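Heads up, the thing below is written out as structure tokens.
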């Protein structure tokens, strides 16, 4: 889908890359605590956030996701000591790849989500949803001006 071709009125479709031992428990806690976040949020668990490939982000956006959120391990990663730096670098590469392919870099976000960060996860989803809506509105306005 091209920029601005998402349907209005629906929540943006967000793909979340989550880590099995760090962010997944926090996301699960949001659900078990009955904290509301959009049902258009889809979660894929991974072992480590630094294992994500920037091409996966592009593929998700090309497949119709409005945005990709990387729930990073942060300093709690059991696999690498520099996980935060690696994940930040891959997020920057993903943003560049999106731009090179005609998408806004703002379609990918990263934040550390810990195993008890249910409220933080819900807040990040709400903020990302709102920023994606603004991005869509801007894209629609630009296409109307053309």
Requested in this report: Please indicate, with yes or no, whether at least one residue in the range 65-77 is more than 16 Å from the chain's Cα centre (by Cα) and buried (at least 17 other Cβ atoms within 10 Å of the Cβ).
Outcome: yes
Q. Any residue at all in the range 120-129 that is free of Cβ contacts under 8 Å to residues at least 40 places away in the same chain, surrounded by fewer than 21 Cβ atoms within 10 Å (Cβ to Cβ) and out of contact with any helix residue (DSSP H, G or I) (no Cβ under 7 Å at 6 or more places or on another chain)?
A. yes
Restricting the range 17-39 to residues that are in contact with a helix residue (DSSP H, G or I) (Cβ under 7 Å, 6 or more places away or on another chain) and outside any loop (DSSP other than H, G, I, E, B), the one farthest from residue 126 (Cα to Cα) turns out to be 19
Taking the range 78-116 and keeping only residues that are in contact (Cβ under 8 Å) with a residue 40 or more places away in the chain, within 21 Å of residue 135 (Cα to Cα) and either crowded, with 17+ Cβ neighbours inside 10 Å or touching a strand residue (DSSP E or B) at 6+ places or on another chain (Cβ under 8 Å) (or both), one is left with 94, 97, 98, 103, 104, 107, 108, 109, 110, 111
In the range 103-118, anything more than 11 Å from the chain's Cα centre (by Cα) and at pLDDT below 95 is listed as 112, 113, 114, 115, 116, 117, 118
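Does residue 36 satisfy being at pLDDT 95 or above and either in contact with a strand residue (DSSP E or B) (Cβ under 6 Å, 6 or more places away or on another chain) or over 14 Å from residue 19 (Cα atoms) (or both)?
Numbers: at pLDDT 95 or above: no; either in contact with a strand residue (DSSP E or B) (Cβ under 6 Å, 6 or more places away or on another chain) or over 14 Å from residue 19 (Cα atoms) (or both): yes.
No, not satisfied.
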The number of residues in the range 1-25 that are within 22 Å of residue 117 (Cβ to Cβ), modelled with pLDDT under 90 and surrounded by fewer than 22 Cβ atoms within 10 Å (Cβ to Cβ) is 4
**Study point:** Verdict on residue 72 being in contact with a strand residue (DSSP E or B) (Cβ under 9 Å, 6 or more places away or on another chain), within 16 Å of residue 18 (Cα to Cα) and modelled with pLDDT under 95
**Key:** yes
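The values are calculated or read from the model by the stated rules, or taken from the named source; none is laboratory data. Computed from a predicted model, the values in this text were never measured in an experiment. Methodologically, a virtual Cβ is constructed for each residue, glycine included, from the backbone with ideal geometry; neighbour enumeration extends over all protein chains shown.
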